[in-house]
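*Asks:* Here it is: the structure, laid out below.
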Amino acid sequence: MPFKYEKLFTLLKEKGYTTYTLRKENLISQSALQKMKKCEGSIDTRTLERLCKLLDCQPGDIMEYVKEDEQNNNKKVE
């Protein structure tokens, strides 16, 4: 998947939220959270909307696009 969500987890920490809180308050499903952590699969726009509303941010503040060839290079290094 060409999207990375490292920004999201940093912003959550800065704003005092945990992934447990997000799941407990039904703001995001466990499966969506796992997809974001693993950068796999697609995330529903409603999920992104809820996160942006909660964190008072724009989608670009919580995710970034990574070109596929850059992803492949990173996987080869690992």
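Read-outs throughout are calculated quantities, based only on the coordinates presented, and are distinct from any laboratory measurement. It should be emphasised that the depicted structure is a prediction, and the values quoted were computed from it without experimental measurement. Cβ sites come from the backbone with ideal geometry, for glycine too, and all protein chains shown count toward neighbours.
*Asks:* Counting Lys +1, Arg +1, Asp -1, Glu -1, what net charge surrounds residue 20 among other residues with beta carbon under 15 Å of its beta carbon?
*Replies:* Values: positive: 13, 15, 23, 24, 37; negative: 25.
Taking every Cβ under 15 Å from that of residue 20, the sum is +4.
*Asks:* From the helices alone, meaning DSSP H stretches of at least four residues, give me the mean residue ellipticity at 222 nm for the chain, per-run term -39500 (n - 2.57), in deg cm²/dmol to the nearest 500. Write out the running numbers ahead of the final one.
*Replies:* Working: 5 runs with 45 residues, N = 78.
Counting only the DSSP helices, I get -16500 deg cm²/dmol.
*Asks:* While we're looking at this one, here's another question. Can you give the charge dipole size of the range 3-77 about its Cα centre, rounded to the nearest 20 debye, using +1 on the beta carbon of Lys and Arg and -1 on the beta carbon of Asp and Glu?
*Replies:* Numbers: 15 positive and 12 negative charges, 64 e Å.
Dipole magnitude for the range 3-77 comes out near 300 debye.
*Asks:* Can you pull the percent of Cα pairs in the range 3-77 with separation above 18 Å? Spell out each step's value before the answer.
*Replies:* Numbers: 1023 of 2775 pairs.
For the range 3-77, the fraction of Cα-Cα distances above 18 Å is 37 percent.
*Asks:* Counting only C-alpha contacts under 8 Å and six or more residues apart, can you give the relative contact order of the chain as a whole percent? Can you show the working numbers first?
*Replies:* Numbers: 61 pairs, mean separation 39.5, N = 78.
51 percent.
*Asks:* I would also like to ask the following. Which Cα, out of 12, 27, 62, lies furthest along the positive dipole direction of the chain (beta carbon charges, K/R +1, D/E -1)?
*Replies:* In the chain, that residue is 27.
*Asks:* While we're looking at this one, here's another question. Say each of residue 61 and residue 34 gets a label point 7 Å from the Cα, pointing the same way as Cα to Cβ; how far apart are those two points in nm?
*Replies:* About 2.9 nm separates the two model spin labels.
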